[in-house]
Each structure stands twice: as C-alpha cells, then as structure tokens.
Amino acid sequence: MMTNKETSGYVLKVWIAGGILALIVILVLLIKATFSVWLLVLAGALIAIYFTGLSGLIQQKTSWSHGACLALSVTSTLLLLVLTGWLIGTKVQEQATQLRDTLPRTIENAKHQLSSSSFGSMVVEKISSPKAQQKAQSLMATMFRSTFGVLGDLYVVLFLGIFFTVAPGLYKKGMVKLVPQKNRTKADELLQKTGTNLKKWLKGKLFAMLVVMILTAIGLSLMKMPMWLVLALLAGLLNFIPNFGPLIALIPALLVALMQGPSTAAWVAGLYILVQVAESNFITPMVQKKLVSIPPALIIIAQMLMAPLTGGWGLVLATPLMLIVMTLVQELYIAPQEAKS
C-alpha cells in the first residue's frame, strides 16, 4: 500500500503526463489551424532566397558591397517587371480580354466538336451533369482557397519577402535561440543547409520556367495562334507547379486552338507534350546534376496531401516543403545513423 508521499508523487506524475499530452494536442491543433499562414511564410522566404541569391551572383561578378548588391538585386528585379509590363502589358491585357470574351464560345465549340462522335457525346454528357459540375465547382473552390484573399496573400508574401531579405540574420538568430543551448550549433547548420538546398532548387526551377515559356512562345507564334503571348506566359508560370501545372496550362491553350479547328488543337497538344518531354527529360535532369533533385513520386504525394488541406498554396509550395522535410530527415536521422555505422 502506497504512503501519502508516494501517492502525492504518483498524482504529480499523472498531472505532468496529462499536461504534456494536452500541450502536444494544443500544438498539433494550432499548427493545423495556422498551417496556411506558415505556407505564406515559406513563400516569403522563397522570395527572399531569390533576392539574396541574385545579390550573391552580382557580388561575385562585381565585388561590390553586400548592401549595394542586395539593393541592386531588388531594384533590378522590380525594374525588369515594370519594363516587361510596359513593353508587353498592353498586348497581354488585350489578349487576356480576348481570351475571357471568347472562352464561353470556345467551350461551346469544344462541346460541339466532341458531340460529333459517340464517345465524345458520352464525355459531354458526363461533364455536363449537375453532379459533375458540382464536383468541379467544389474542386475549384478548394484549389483557389486563400488565407486572406488572393490580394491579401500576395501582399503578405511580398512584404515578408522584403523583411526577410533586408535582415535575414535577425530572423535566423531568433529561430536558433528557440533551440536549447547545446543544440544551437546544429540548428544553425541545419538552417544553413536548408537555405542552400532551397536556393539550388529555386535556381533550377526558374531556369526551367524560362525555357518552357520561350519554347512555348516560339511554337505558338509559328502556328500563328491567337493569344500566343498570354498562353506562353501562363505555361511558363504554371511550370513552377510540377505535374499539375502543365496540365492546367494546356486547358486554355486547347480551348483557343479548338476555335481554329481540331487539327490546330492536335498540333497545340503535341507542342505542349513535346515541351514537357524536353523539360522533364533533358532540361531538368541537366540542371539537377549540378543543383538538387527531388524524387518525382515524393512530389506527387506531397501535392496530393497538401492540395486538399490548404488549396492552391499547398499545390504550389508542396515541392519546396518536401525539400525541407528531406533535408531535415537527412541531417537529423540518416546522417547520424550513417555516422554510427
């Protein structure tokens, strides 16, 4: 039989265990509730990595001071965006308006083309059913769900990126200080390794996006496709999203091509497939030899898990998030195990 002292000690242990369990549950619920916000933080960090990476490249070529190179990287990027908008903005706006105005007629034309065959009629009947439309609306609502609205999210990401760019050491030191004293050196190395991997990945992704945009623009312009500039820009931007981005970019291109005829649509589909084959089998592998690679299956798994939970941001940022997880697993588990053996 336990004494009063043993009983009080046991009760204390029970309360401590219950408190720890409650704290874990609260932390899990808090992370779940705020996970979309953390994705915005990750997006801001990627913008800061881009600015600092470009700054490092400028400093390597010019040997100027860090502050001057950082200011030049930010201003040159903004000036490039403004100049691009000034040069092609009117044309893009005109073609985007044309795409918006012709989209309903294009969809009806696509339905008419499909209805010419028995299989196409069955497809049209399936996608036109109220149940299918309800599922499509639900999927679109999920994919385009945002934390503070689209403009609000972009505003938050932009300013986070600027703050992280101006004083990265401040936030890095703050994160390291949250770790116990004996593990701070390891935490600092881990943050450095994660930042390096993200920089390498972003460099390769931006190069691939540029190549896809250029190849698509050349192909569509040679076909004399309407709105080729908007479609090429869309293909380049959506290439940031592995697997699903090119499929999303193909949809408006096919709808516009069907207005020109089935043969044009077939040529456009062939062009997009050819560009993606080149990007997947030649461009990306060539870049990954020098930079960083992520197994394609892991990317798809991450996208399938993230998209239903967090919408569009989860689909866009699934790859860098998977890269962070891979780095943590490698540095915290695999590397110590290999060192012991």
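The values are calculated or read from the model by the stated rules, or taken from the named source; none is laboratory data. Quick caveat, the model's predicted, so the values are computed rather than measured. Here the Cβ is made from the backbone with ideal geometry for all residues, glycine too, and neighbour counts use every protein chain on show. Each accessible area value is taken on the protein alone, full model and side chains, heavy atoms only, with ligands, DNA and RNA left out. Shrake-Rupley method; radii C 1.70, N 1.55, O 1.52, S 1.80 Å.
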Going through segment 168-189 one residue at a time, which ones are open to solvent by less than 30 Å² (accessible area, probe 1.4 Å) and either touching an Asp or Glu at 6+ places or on another chain (Cβ under 8 Å) or not in a helix (DSSP H, G or I) (or both)?
Val176
Among (1) closer than 24 Å to Ala48 by Cα; (2) without any contact (Cβ under 8 Å) to a residue 24 or more places away in the chain, there is one condition Leu247 misses while meeting the rest; what is its number?
(1)
Confirm whether Asn239 is crowded, with 18+ Cβ neighbours inside 10 Å and within 14 Å of the chain's Cα centre (by Cα).
yes
When Gly270 is evaluated against the numbered criteria (1) open to solvent by 20 Å² or more (accessible area, probe 1.4 Å); (2) touching a residue at least 12 places away in the same chain (Cβ under 8 Å), which criterion, by number, is the only one it fails?
(2)
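Okay, residues lined up against (1) closer than 16 Å to Lys200 by Cβ; (2) at pLDDT 80 or above; (3) among the small types (Gly, Ala, Ser):
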| residue | (1), (2), (3) |
| --- | --- |
| Leu271 | no, yes, no |
| Asn281 | no, no, no |
| Val287 | yes, no, no |
| Ile301 | no, yes, no |
| Thr319 | yes, yes, no |
Is at least one residue of segment 205-212 touching a Leu at 6+ places or on another chain (Cβ under 7 Å), of a type in the set (D, E, K, R), closer than 30 Å to Leu274 by Cα and in contact (Cβ under 8 Å) with a residue 12 or more places away in the chain?
no
Return the total of residues in segment 223-247 being farther than 22 Å from Thr84 by Cβ and assigned to a helix (DSSP H, G or I).
3
If we scan segment 131-144, do we find a residue that is within 26 Å of Leu315 (Cβ to Cβ), loosely packed, with under 11 Cβ neighbours inside 10 Å, small (Gly, Ala, Ser) and at pLDDT below 70?
yes
